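The values are calculated or read from the model by the stated rules, or taken from the named source; none is laboratory data. Here the structure is a predicted model, which is why all the values come from computation and not from measurement. Glycine gets a Cβ as well: all are built from the backbone with ideal geometry, and neighbour counts include every protein chain shown.
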Amino acid sequence: MQPDLKGIKVAVLGGDAREIVLVSTLSRLGAYVKVVGLPVNNDPPHVTVYGTLEEALIDVQAVILPVPGLLEKGNIYCVYEEKPLILTEALLVKLPSQAPVFAGFARPKLIEIVERSNLKLIQVLALDEVAILNSIPSAEGAVQLAMENTAITIHNSKSFVLGFGRTGASIARLLHGMGAKVTVVARSASYRARVYEMGMEAISFEELPDAIAKAEIIFNTVPKMILTNCILTKAKEDAVIIDVASPPGGTDFDAAARLGIKAVLAPGLPGRVAPKTAGQILAKVIPDLLAQELQQNKVQ
């Protein structure tokens, strides 16, 4: 059962199709939603579209940013707005103390300006409930990209999955279900034991340089440099890499290009391949978090 948000004023700034679904849910739950940079109209109850961040942030109790939050230049991720939406500390300091600011994940710039504004940053993708649900469209999107970029079937392919976290586990499980010969590269002995129990091969990262020559498709989920030039020189020239780690990924893309290895950086797959489902995930979780945070602020 979702909360009653009647009377709560919240700003939803930028985003993509996921945030459109979220705006609709917030409105239905009674919140007054102030929107910038999304193609919604004023027809849903309690939804108002503004042309500037300054207008949208007046008298709100919470801010919801897109899943990617702020990009490296400090502008809000927004696929529908040509003009950059720049979120500054000068804008945020006008919000109530400890007002919640939601984002999927936060780069250093966002963390810095939220802290300096005495607000509370909530990184939604850090929550297991969201991350695990999000791993489903991520896995499907990764496999879709592999199918589009290879000349072989997933079935019977020698597929390597680097990392066995929430996304890596979902990718490995999906590949295994499609008949791929899956090798999972995991740091933890307990994860490798779980992979073995699931009927797949498991190796450590220390073993990767000697094993990578077998891989036909490589899925990286680790957000640090794993597929270095040294390792890539040992890979098949016709191998395909699908890197779903957050930018800049875990692949030396320059080395891959020199070696003739096709490597695709593909962050943010849920919003690209299944925006409705990804939006429904946000709409399931954020209203509860919003109600909880504002209730805590009242108690304090």
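Among the conditions (1) buried (at least 19 other Cβ atoms within 10 Å of the Cβ); (2) touching a residue at least 40 places away in the same chain (Cβ under 8 Å); (3) not assigned by TED's automatic domain parsing to the domain that holds residue 17, residue 183 misses just one, which is (2). Would you call residue 38 assigned to a loop (DSSP other than H, G, I, E, B), crowded, with 21+ Cβ neighbours inside 10 Å and modelled with pLDDT of 90 or more? Considered against the rule, which asks whether it is assigned to a loop (DSSP other than H, G, I, E, B), crowded, with 21+ Cβ neighbours inside 10 Å and modelled with pLDDT of 90 or more, residue 38 comes out as yes.
Within the stretch 226-254, the set of residues being assigned to a loop (DSSP other than H, G, I, E, B) and in contact with a Pro (Cβ under 8 Å, 6 or more places away or on another chain) comprises 234, 244, 245, 246, 247, 249, 250. For beta carbons closer than 7 Å, sequence separation of 6+ or different chains, a first residue in the stretch 90-101 that is among the charged types (D, E, K, R) and a second that is part of a loop (DSSP other than H, G, I, E, B), the qualifying pairs are 94/57.
Residue-wise test of (1) at pLDDT 95 or above; (2) hydrophobic (A, V, I, L, M, F, W, C); (3) farther than 18 Å from residue 286 by Cα; (4) in the same structural domain as residue 286 (by TED's automatic domain parsing).
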site	(1), (2), (3), (4)
30	no, no, no, yes
48	no, no, yes, yes
77	no, no, yes, yes
106	no, yes, no, yes
119	yes, yes, no, yes
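Only residues that are within 27 Å of residue 273 (Cα to Cα) and either under 19 Å from the mean Cα position of the chain (by Cα) or of a type in the set (D, E, K, R) (or both) were counted in the stretch 39-70, giving 8.
Examine the stretch 88-104 for a residue that is assigned to a loop (DSSP other than H, G, I, E, B) and over 23 Å from residue 294 (Cα atoms), and state whether such a residue exists. Within the stretch 88-104, none of the residues are assigned to a loop (DSSP other than H, G, I, E, B) and over 23 Å from residue 294 (Cα atoms). Taking the stretch 44-80 only, how many residues are part of a loop (DSSP other than H, G, I, E, B) and either hydrophobic (A, V, I, L, M, F, W, C) or surrounded by 17 or more Cβ atoms within 10 Å (Cβ to Cβ) (or both)? Here the count works out to 13.
Scanning the stretch 47-88 for residues that are in contact (Cβ under 8 Å) with a residue 40 or more places away in the chain and touching a Cys at 6+ places or on another chain (Cβ under 9 Å) yields a count of 2.
For the stretch 284-295, the criterion of being crowded, with 17+ Cβ neighbours inside 10 Å and assigned to a loop (DSSP other than H, G, I, E, B) is satisfied by no residue at all.
Within the stretch 228-245, not a single residue is surrounded by fewer than 21 Cβ atoms within 10 Å (Cβ to Cβ) and on the phi > 0 side of the Ramachandran plot.
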